[in-house]
Structures are given as C-alpha cells and as structure tokens.
Amino acid sequence: MPDVVVVTASAGTFPGLAAALRTLPTMVEEWPLLSFGPPLDWAPVAEAARELAQYEAVVFTSPRSAAVFGERAAAAGPTAREGAAARSVWAAGAGTARALGSTFGPVRLPDERLAGEQGAAVALVSAMTEAGVRGPVLFPCGDLRRDELPARLRERGIPVHEVVCYRSVLAGEEEARRAAARATVLVVASPSVAALLARACAPAGRPLLVAAGPTTADAARAHGWPPAAVASAPTTEALTAEIRALLAHG
C-alpha cells in the first residue's frame with residue numbers, strides 16, 4: 001500500500017505543496033484542521049491602522065495578519081498610508097513580507113539561519129534589538145498565537161500593542177483523529193494544530209509528523225509527539241525536501 005502524506009495546513013498556506021508531493025511515489029491528501037474568520041470586532045484594527053504614526057515599528061509573524069492589516073491600512077486613507085511608509089516594518093519571513101504588498105514600503109527580515117534554528121520570534125527580537133527599536137511596537141496577529149515574540153520584546157523594555165486581525169477556528173478532535181488515521185506522514189504547520197493532534201491521537205500507532213518549523217516542532221514535543229522531521233523554513237521547497245528524505249529512509 002503506498003504511503004499517504006496528509007497536509008493539515010489551511011488552504012493556501014503552502015502554494016504548490018500538494019503538486020510537489022505528488023511527484024513522489026506517494027498519495028497526497030489535503031485535510032485542513034485550521035480555518036480562519038474575521039475578528040469579533042474590527043474597530044481595534046481600524047484604529048491601529050489610522051494611528052500608525054504613534055508606533056516606531058510594526059511586526060508581522062504570519063502572511064494572514066500581514067494581508068489583513070495591509071488591506072486595512074491601505075483603505076484607511078492617505079494619512080494612514082503615510083504613517084505606514086514611515087514605520088520600521090518587520091516580517092518573520094519572505095512569504096509574510098510578500099503578503100503586505102506595497103502599502104508599507106521596504107520590509108525588514110530576520111536572519112534566515114537563526115530563524116530556522118531557533119524560530120522566528122527569537123530571530124525577530126534579535127534583529128529588532130540590534131536595529132535599535134525601542135517601541136512602541138504594533139503587533140497585528142491572530143487570536144490564537146504564541147506569546148513568545150511580544151513577551152521577549154517586553155523583557156527588553158520594548159512596549160508592544162497587540163491587535164487581533166483574524167480568528168483561528170480549530171477542527172474538533174474527531175476530525176483530527178480521522179486525518180491522522182489516513183496518514184503515513186502528517187504535515188503540521190501550526191502549534192495549535194500540533195496540540196490538537198496530540199490530544200486527539202493516542203501514542204500507539206501515530207504517523208510520522210513533519211513540522212513546518214521550529215515553533216511548531218517545539219509545540220509538538222511539548223505535547224508528547226516529537227516530530228520525525230522539521231523543515232528548515234516554512235516553505236513548500238523545504239517541506240518537500242524533508243518529506244522526500246523521510247520517505248526515502250522509511
């Protein structure tokens with residue numbers, strides 16, 4: 001029976017991943033365990049977009065928050081766009097930077113090697129500290145997110161204002177069990193999904209888990225499901241390489 005790779009990331013997270021995996025001798029199934037909705041209240045997002053001038057820097061850790069906030073800032077009028085262009089803007093990776101479009105002008109990225117080894121939060125805080133960012137910092141984010149980035153910035157005396165741009169909707173445990181039961185290899189791209197799967201699936205008979213980055217890998221380990229592989233970057237290319245290597249040694 002052929003191996004089955006089940007991708008649990010939300011639709012569009014890794015463009016081309018399913019097609020790339022189908023070049024391997026394996027079956028591929030897309031089974032999203034995380035979907036997204038609008039925030040319960042758009043007012044804080046609109047206010048943050050209008051008041052960008054009060055922040056020294058804006059930092060994004062996901063393409064979704066970047067796209068949503070970028071659209072709101074672009075629609076908030078010329079004053080907001082001027083404020084956006086004047087800010088120091090940071091993104092966790094190239095995909096997040098691309099999601100911002102042209103609203104914010106140049107976007108600064110952390111050291112790719114450090115981000116791959118220790119996670120985007122550590123790399124971002126290091127880069128922002130070295131650049132002399134003192135705050136306040138605006139952090140557009142989802143309602144379910146790790147607090148590592150704002151916590152590390154605050155430890156350095158840098159004030160952070162968080163604004164929720166979208167809600168994350170997790171699947172139920174039964175859905176997670178069904179997805180895992182189909183898989184030889186389970187691709188996970190979110191700490192919350194890693195925690196869900198660990199709760200839902202008994203240790204015996206678990207498939208091999210591939211984490212999309214060190215943050216997701218840490219969450220999986222913390223919940224008792226150590227990943228079989230960790231992508232060097234949260235990209236289609238890096239995930240495909242890890243899965244190819246894993247199946248070759250299987």
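Could you tell me what fraction of 2.2 N^0.38 Å the Cα radius of gyration of segment 43-168 comes to, as a two-decimal ratio?
On the way: Rg = 13.1 Å, N = 126, 2.2 N^0.38 = 13.8 Å.
Ratio of Cα Rg to 2.2 N^0.38 Å: 0.95.
Converting phi to 3J(HN,Hα) with the Karplus coefficients 6.51, -1.76 and 1.60 and the offset θ = phi - 60°, segment 232-242 yields 5, 7, x, 10, 4, 5, 5, 5, 4, 4, 5 Hz in sequence order, with x at every glycine or proline.
Taking amide H as placed 1.01 Å from N in the peptide plane, the amide H of HIS161 sits under 5 Å from that of VAL137, LEU138, PHE139, each at least 5 places away or on another chain.
Rounded to 0.05, the FRET efficiency of the GLU47 and ALA131 pair, given R0 = 45 Å and the Cβ-Cβ distance, is 0.95.
For the options CYS141, CYS165, CYS201, a Gaussian network treatment of the chain with springs between C-alpha atoms closer than 10 Å singles out CYS201 as fluctuating the most. Report summary: the helix-based calculation at 222 nm, which adds -39500 (n - 2.57) for every DSSP H run with n ≥ 4 and divides by the residues of the chain, gives -12500 deg cm²/dmol. Rg ratio for the chain: its Cα radius of gyration over 2.2 N^0.38 Å, N being its residue count, equals 1.04. Computed from phi, the 3J(HN,Hα) profile of segment 213-219 under the Karplus parametrisation 6.51, -1.76, 1.60 (θ = phi - 60°) reads x, x, 5, 5, 4, 4, 5 Hz, with x in place of Gly and Pro. Compared with the alpha-carbon gap, the fully stretched path from GLN118 to ARG178 is longer by 18.4 nm at 0.36 nm per residue. Per the Debye calculation on segment 197-250 with a single equal scatterer at every Cα and no solvent contribution, log₁₀ I(q)/I(0) for q = 0.29 Å⁻¹ amounts to -1.12. A straight chain from LEU170 to ASP111 at 0.36 nm per residue would run longer than the Cα-Cα distance by 18.1 nm.
Listed by Cβ neighbour count within 10 Å, with the fewest neighbours leading, MET27, MET128 appear as MET27, MET128. Working note: Karplus 6.51/-1.76/1.60 with θ = phi - 60° gives segment 32-46 the couplings x, 10, 9, 10, 9, x, x, x, 5, 9, 7, 4, x, 5, 4 Hz, where Gly and Pro are set to x.
Read-outs: derived from the displayed coordinates by stated rules, not from any lab. Everything quoted here is computed from the prediction, not taken from an experiment. In this analysis, Cβ positions are derived from the backbone assuming ideal geometry, glycine residues included, and neighbour counts consider all displayed protein chains.
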